[in-house]
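The values are calculated or read from the model by the stated rules, or taken from the named source; none is laboratory data. Computed from a predicted model, the values in this text were never measured in an experiment. In this analysis, Cβ positions are derived from the backbone assuming ideal geometry, glycine residues included, and neighbour counts consider all displayed protein chains. Heavy atoms of the whole protein, side chains included, go into the accessibility calculation; ligands, DNA and RNA do not. Shrake-Rupley method; radii C 1.70, N 1.55, O 1.52, S 1.80 Å.
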Amino acid sequence: HELRTPLNAIIGFAEMTEGQMVGPINNPKYVEYAGVIAKSAYHLLAVIGDVLDLAKIEAGRLRIDSGVVDLAECAEASLTLISERATAGGLRLTRAFEPGLPPIWGDAVRVKQILLNLLSNAVKFTPPGGGVKLTLRREGEQWATAEVTDQGCGMTQAELVIALEPFGQVENKMSRRAGGAGLGLPLTRRFVEMHGGRFDIESAPGVGTTVRVALPLA
């Protein structure tokens, strides 16, 4: 609360200023600056959320509130959240969902976070004109698999090791442009492990990256 509450105030007043809710602003530059403040504060809020989640996991304080979860519904919600960013980046965002996929057993909030983290990374590191695909399918009698494939810059095996470490930063042109705290993949892997699932990643420079997450069926 000590970190989030001041940021929420910054976001609220910045958006009020950008929308000129308490009266007109004669200089349009100030309206533009207010929008930049709000956007930056949202980014910082997301980073703080990731850092706090990682701290809770390390301390054994993060709880998984498990129940029956519709994986396809979580995937649709995540795709909706990322679609605008993909369109703005000139990317093709596609899906392939196996029909009649049975529900999984997990925490719906964390499952959405897993999918959104993977989609966000894929969109972030795929250049304009490339594609990102989300595939859902059943795997045997016990698992449902979510697979995110991108046509991004890709990574070597050595870079994968770095990317999977908390705050790990892979040094290449795309990562310098995209930024980030280096928490997306490590957090996602931890969330998957807390669900009793499996996390696999394949990547090659100039080809792209595929991340597969297997979660237990309900």
Subset of the range 1-35, residues open to solvent by 100 Å² or more (accessible area, probe 1.4 Å) and closer than 23 Å to G49 by Cα, comes to H1, E2, F13
Positions within the range 191-204 being outside any strand (DSSP E or B) and out of contact with any helix residue (DSSP H, G or I) (no Cβ under 8 Å at 6 or more places or on another chain), in sequence order | E193, G196, G197
Return the pairs, sorted by first residue and then second, in which the second residue is open to solvent by less than 20 Å² (accessible area, probe 1.4 Å), the first residue lies in the range 105-123 and is among the basic types (K, R), the beta carbons are less than 6 Å apart, and the residues are 6+ apart or on different chains.
-> R110/F191; K112/C74; K112/S78
Flagged in the range 15-36 as of a type in the set (A, V, I, L, M), assigned to a helix (DSSP H, G or I) and more than 26 Å from L116 (Cα to Cα), in numbering order, are M16, V31, A34
Is there a residue being of a type outside the set (G, A, S), under 16 Å from the mean Cα position of the chain (by Cα) and modelled with pLDDT of 95 or more anywhere in the range 136-147?
-> yes
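What about A178, is it buried (at least 20 other Cβ atoms within 10 Å of the Cβ), closer than 22 Å to K133 by Cβ and either in contact with a helix residue (DSSP H, G or I) (Cβ under 6 Å, 6 or more places away or on another chain) or modelled with pLDDT of 90 or more (or both)?
No: the conditions fail for A178.
Does any residue of the range 37-50 turn out to be basic (K, R) and either in contact with a helix residue (DSSP H, G or I) (Cβ under 6 Å, 6 or more places away or on another chain) or within 18 Å of L115 (Cβ to Cβ) (or both)?
Scanning the range 37-50, I find no residue that is basic (K, R) and either in contact with a helix residue (DSSP H, G or I) (Cβ under 6 Å, 6 or more places away or on another chain) or within 18 Å of L115 (Cβ to Cβ) (or both), so the answer is no.
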Give me the pairs: first residue in the range 198-210 and more than 16 Å from A158 (Cβ to Cβ) and in contact (Cβ under 8 Å) with a residue 12 or more places away in the chain, second residue in a strand (DSSP E or B) and hydroxyl-bearing (S, T, Y), beta-carbon distance under 6 Å, and six or more apart or on different chains, which are they?
-> T210/T149
Of all strands (runs of 3 or more DSSP E) fully inside the range 90-164, the set with 3 or more residues that are open to solvent by 10 Å² or more (accessible area, probe 1.4 Å) and closer than 16 Å to F199 by Cα is 131-139, 143-150
With the checklist (1) among the hydrophobic types (A, V, I, L, M, F, W, C); (2) closer than 23 Å to R110 by Cα; (3) in a loop (DSSP other than H, G, I, E, B) in hand, flag the one item A75 doesn't pass.
-> (3)
Identify, by number, the condition in (1) modelled with pLDDT under 90; (2) over 17 Å from the mean Cα position of the chain (by Cα); (3) surrounded by 14 or more Cβ atoms within 10 Å (Cβ to Cβ); (4) not in a loop (DSSP other than H, G, I, E, B) that K56 doesn't meet.
-> (3)
Could we say that A14 is small (G, A, S) and farther than 30 Å from A144 by Cα here?
-> yes
